[in-house]
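Notes follow once the structure below has been shown.
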Amino acid sequence: MQPAAAKWYDRRDFVFIEFCVEDSKDLHVHFDKSKLDFNCVSGTSDIKNQNTVDLYGEIDPKESKHRRTDRSVLCCLRKAEPGKAWPRLTKDKTRSNCISVDFNNWKDWEDDSDEDLNSFDKFSELSPPHTQTRAQRPHQWQAELHHQQMMNNMGGDDLPDLDCADDEHGSADSDDEKMPDLE
């Protein structure tokens with residue numbers, strides 16, 4: 001067995017870990033309040049992967065989830081103390097060769113007033129929305145409310161109709177006209 005390569009990043013209420021294992025099978029992910037156990041078999045090379053991560057902070061195991069894709073397994077860990085930054089993923093200060101920071105998704109959220117919910121939305125299909133109450137999906141309705149507020153602030157109702165087919169001048173676009181010759 002060998003550890004799977006993983007990338008992680010921190011958000012206000014969640015910590016995300018992506019285990020980079022293609023075509024994983026026999027997947028087992030166990031969340032404990034201070035530890036994450038991950039193991040699977042790589043479908044491309046039949047290598048057994050196992051990671052045990054002693055987490056920097058505590059999580060809510062019941063509210064933590066994972067999702068398998070063809071290229072990786074993404075884990076969404078709900079922090080037990082929302083709003084507290086994790087300076088590292090593990091309790092131990094020594095660096096692990098198999099775990100790195102996901103700089104593509106990292107951001108300094110401590111100064112932001114809005115939470116980036118795109119990553120959390122990746123997990124929305126784990127439980128069908130019609131079976132969830134608003135209390136069980138607070139981030140989804142917060143995102144919907146935020147989207148509605150943005151549309152109201154943009155003045156979405158005052159936008160002009162851009163459908164050229166209903167234009168009184170016919171269906172010709174303004175870019176269909178011949179360009180003047182360059183001098």
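The values are calculated or read from the model by the stated rules, or taken from the named source; none is laboratory data. Note that the coordinates shown come from a computational prediction; the quantities given were computed from them, not determined experimentally. So basically every Cβ, Gly included, is an ideal-geometry build from the backbone, and we count neighbours across all protein chains shown.
From the list Ser72, Ser64, Ser45, the lone residue that is hydroxyl-bearing (Ser, Thr, Tyr), over 17 Å from Asp10 (Cα atoms) and touching a residue at least 24 places away in the same chain (Cβ under 8 Å) is Ser72.
Residues are listed down the side, and each one gets a yes or a no for (1) polar (S, T, N, Q); (2) crowded, with 18+ Cβ neighbours inside 10 Å; (3) modelled with pLDDT of 95 or more:
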site: Phe31; (1), (2), (3): no, yes, yes
site: Ser34; (1), (2), (3): yes, no, yes
site: Phe38; (1), (2), (3): no, yes, yes
site: Ser45; (1), (2), (3): yes, no, no
site: Asp60; (1), (2), (3): no, no, yes
site: Thr69; (1), (2), (3): yes, no, no
